[in-house]
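Just so you know, all these numbers are worked out from the coordinates, no wet-lab data involved. Please read all numbers here as calculations on a predicted model, not as lab measurements. When we count neighbours, we look across all protein chains shown, and the Cβ atoms used for this are built from the backbone with ideal geometry, even at glycine.
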Amino acid sequence: MATRKQNKNLLIVEDNLADYVQYCRLLETVTHDFDELVHVETIDSALAYLEQAYPLACIMDNVLPDGDALTLMQRIAHVYGKIEFPIVVSTGYGNERLAVELLRQGAQDYMAKDQLRAIDLMSSLDHAVRTYELSEQVNYLAFHDSLTGLVNRKLFMDRLQQTFAELKRYKRAFSVLYIDLDHFKDVNDLYGHDVGDELLEWVGERLKEATRETDTVARLGGDEFAILLGDINPEKAAYVTHKLVLALTSVENIHGHNILISPSVGLAHSDPEIEHSEDLLRRADLALYESKRNGRGKYTIYSANLESSKLTREQRRDALYSAILNKRLRVAYQPIFATQSLSCEHVEALVRWRHQGEDVSPLEIVDLVLDNSMGEVFHQWLFEDIAAQLSEWQEDYPNLHVAINIPGSCCHESALFDALLSAANKYHVDPLKIIVEITESQKILEPDEVKLRLGEAKARGMGVAIDDFGTGFNSLEYLASLPCNILKIDQQFFFDLESSATNLKIIKGITALAHSLGLSVVAEGIKDESAYLAAKDSGCDFVQGFWLARPGFAQGLSMQASAG
Ligand code: C2E
Ligand code: MG
Ligand code: MG
């Protein structure tokens, strides 16, 4: 069906010519907003007119040659899904019961034709227009998200249900996308809700741009969006999804903050096997969750093997929370060696969670923690566990330091550093033995607050390391502005040294730069001898990697390098 536009006409559906002429005469005596008066005499001719456009308002005679006003209203609603304009029903008889019924069915007002004055006609039309607009607004609010103007969850579910039913009947293919913004909570926490809101609006606009008018783009709540791609084959749907991920991956300047945006997306195709429309959204959610697990900023297409874990994000969140509270998480330690002597100077603490027989990636653990406001309880457990272990090690390894990963987005929180200090205190660990590693994954720091916190940590003797240097957006900015004393070169540079001569140059350049700023350098990801030699040749002070020692639990951990 072609898209029809609204015009500014008054449609008069009236089979009695004298009545029509009377309306014309009355309307001549007053000022009104109608461009034209359009006269039709039957239900069929009214419907034919509506195929082209719909009017600003309509006067509808109750009794027409081919039916009554109620029938006409029902037929319009059937064809177009709703009545798109206000209606005043007129009749020769003052039948109140009929009036109530007509109002219930979608008319806005009712008038008796006998002794009609211009003022009655106009006030009836005005009233109908105002009532209609008001009910449109109420409807709009009930089915749309007020921030982005997108369809809300309720309407999305309705449309999904409708499309689902059509699929069953006409065997049409469609797809559902579930989208979640990566690290959105951090944006709100760090920059406030105004910035968060603006980001959501920006996302809403990009989603609209990337889809067709006939697709349904919804904000389901928070930073979750969904799209219903109607009448589309799976290949095309995957292409649209790919385009969408690209469109949403960007650095946007919002209120002066450079914010890295990326989405995690799940895509599910219609499937005749599915019994309920909600199951399709659940499939897309499961696929989205897989994208998060695999490092975010990407999309996953649902496949049956994703069902094996049978875990929704909520279930995983609850399981993690209970694991933290019941101390079922563990900490592994990976030794880090001085490059020349290969003596172990410090270890890096890495969280581990074995859940349902499977090791959950620490990146996923941290994401779940941060996305669900579990940071406080997680870090309290983590710090105490590490401090207790360090205190145990003190006798055998009096000079051993431990590096603890702190998410970039938490670095401004003074409570976090208080918790770290009080854990150290509790186990009589000197803060000098602690290094905080700022993981760059969040890439959005509140620089002043972070500077303050890290400055305080340094003043207490802790080491401050910038982790995974060289891959993030703010790297050089970090180096210049943050009070740190260690720089860890991201493992990626050491992984493909053979294929990329540039990597070695970058490693050398970063090391020289770090040294000139008075920082020591840790080479990460030393997975073989050539990586070790590259680190040594470049002047890196410390080396960390599987070739030297894999992460392991404290009991039985060897502080000797296994190679080299
Ligand atoms: P990271 O801080 O850069 O930690 C080093 C990661 O590299 C560890 O992965 C380690 O197992 C891995 N690795 C070390 N040497 C090699 C190597 O030679 N080859 C390869 N392929 N990998 C190597 P892991 O334990 O999976 O942790 C991944 C990331 O998760 C960490 O990267 C860190 O960003 C985060 N993470 C881990 N534990 C915690 C934690 O307790 N808190 C926070 N905030 N983040 C954590
Ligand atoms: Mg680290
Ligand atoms: Mg690292």
Quiz prompt | Separation of alpha-carbon centers, segment 121-181 and segment 359-421, rounded to whole Å | solution = 47
Quiz prompt | Calculated from backbone phi, Karplus (6.51, -1.76, 1.60) coupling profile of segment 238-251 in Hz, x at Gly/Pro | solution = 5, 5, 4, 5, 4, 4, 5, 4, 5, 5, 8, 9, 6, 10
Quiz item: Taking the DSSP beta bridges in segment 5-143 as the whole, what percent of them are antiparallel, to the nearest 5?
Solution: 10
Quiz item: When the chain is fully extended, how far beyond the present Cα-Cα distance does residue 238 get from residue 318, taking 0.36 nm per residue of separation?
Solution: 25.7 nm
Practice problem: Quick one: P(r) of segment 153-303 from all Cα-Cα pairs, 5 Å bins, percents rounded to integers, in order of increasing distance. | Solution: 2, 10, 20, 23, 19, 13, 7, 4, 2, 0, 0
Self-check item: For segment 1-46, alpha-carbon Rg and Dmax in angstrom
Solution: 12.4, 39
Exercise. Calculate how many DSSP beta bridges within segment 336-409 are antiparallel, expressed in % of all such bridges and rounded to the nearest 5.
Key: 55
Quiz item: Restricting attention to segment 251-346, which GluC sites (Glu not before Pro) occupy a DSSP loop and are surrounded by at most 15 other Cβ atoms within 10 Å?
Solution: 273, 275
Practice problem: For residue 527, list the aspartates and glutamates whose Cα falls under 17 Å from its own Cα; do not include residues on the same chain fewer than 8 positions away. | Solution: 348, 468, 490, 496, 498, 537, 541
Quiz item: Once the piece of chain linking residue 44 and residue 513 is laid out straight, how much longer is it, given 0.36 nm per residue of separation minus the C-alpha distance between them?
Solution: 160.7 nm
Exercise. Could I have the simple spin-label model distance between residue 115 and residue 271, label points 7 Å from Cα toward Cβ, reported in nm to one decimal?
Key: 7.0
Quiz prompt | Of the chymotrypsin sites (Phe, Trp or Tyr not before Pro) in segment 79-183, those whose Cβ has at most 13 other Cβ within 10 Å and which sit in DSSP loop | solution = 93
Quiz item: Across segment 526-536, in residue order, what do the Karplus-derived ³J(HN,Hα) couplings come to in whole Hz, using 6.51 cos²θ - 1.76 cosθ + 1.60 with θ = phi - 60° and x for Gly and Pro?
Solution: 7, 9, 7, 5, 5, 5, 4, 5, 5, 5, 5
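Viscosity 0.692 mPa s, temperature 37 °C: what is the translational diffusion coefficient of segment 121-162 from Stokes-Einstein with a Kirkwood Rh over Cα pairs, rounded to a whole number of µm²/s?
Working: Rh = 11.7 Å.
Translational diffusion coefficient: 280 µm²/s.
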Quiz item: What ranking of 197, 359 emerges when the number of other C-beta atoms within 10 Å of each C-beta is taken as an exposure proxy, fewest first?
Solution: 359, 197
Quiz item: So, in nm, how far is label residue 255 from label residue 34 when the simple model puts each one 7 Å beyond its Cα toward the Cβ?
Solution: 4.9
Quiz item: Which links in 171/236; 327/458; 236/298; 185/236; 426/458 stretch past 24 Å when you go from one Cα to the other?
Solution: 327/458; 185/236
Quiz item: How many times 2.2 N^0.38 Å is the alpha carbon radius of gyration of segment 309-410?
Solution: 1.20
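Normalised by the number of residues in the chain, what is the relative contact order in percent for Cα pairs under 8 Å and 6+ residues apart?
About 8 percent, as a whole number.
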Quiz prompt | Alpha carbon convex hull of segment 272-336, volume per residue in cubic angstrom | solution = 132
Exercise. Tell me the Kirkwood hydrodynamic radius of segment 201-259 in angstroms, computed as one over the mean inverse distance between distinct C-alpha pairs.
Key: 12.6
Quiz item: What share of all Cα pairs of segment 474-564, in percent, falls into each consecutive 10 Å distance bin?
Solution: 17, 45, 29, 9, 0
Quiz item: Which aspartates and glutamates does residue 243 reach when only Cα atoms under 13 Å apart count, and residues fewer than 8 places away in its own chain are ignored?
Solution: 209, 235
Quiz item: How much length is gained if the chain between residue 153 and residue 171 is pulled fully straight, taking 0.36 nm per residue apart and subtracting their Cα-Cα distance, in nm to one decimal?
Solution: 4.0 nm
Quiz prompt | Compactness of segment 320-553 as Cα Rg over 2.2 N^0.38 Å, two decimals | solution = 0.98
Quiz item: Counting pairs of alpha carbon atoms under 8 Å apart in space and at least six apart in sequence, what relative contact order in percent does segment 320-553 give?
Solution: 19
Practice problem: Could you pull the Rg and Dmax for segment 20-168, using just the Cα atoms, both in Å? | Solution: 17.3, 56
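By counting other Cβ atoms within 10 Å of each Cβ, how are 14, 84, 498 ranked from fewest to most?
Ranked by crowding around the Cβ, least crowded first: 498, 84, 14.
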Quiz item: Just the Cα atoms of segment 77-139: what Rg and Dmax do they give in Å?
Solution: 12.3, 36
Practice problem: Let me see the pair-distance distribution of segment 133-188: every alpha carbon pair, 5 Å bin width, integer percents in order. | Solution: 4, 15, 16, 18, 16, 14, 11, 5, 1
Quiz item: What per residue convex hull volume, in Å³, do the alpha-carbon atoms of the chain yield?
Solution: 195
Self-check item: Mean Cα-pair separation over length for segment 5-143, i.e. relative contact order, pairs under 8 Å, 6 or more apart, %
Solution: 23
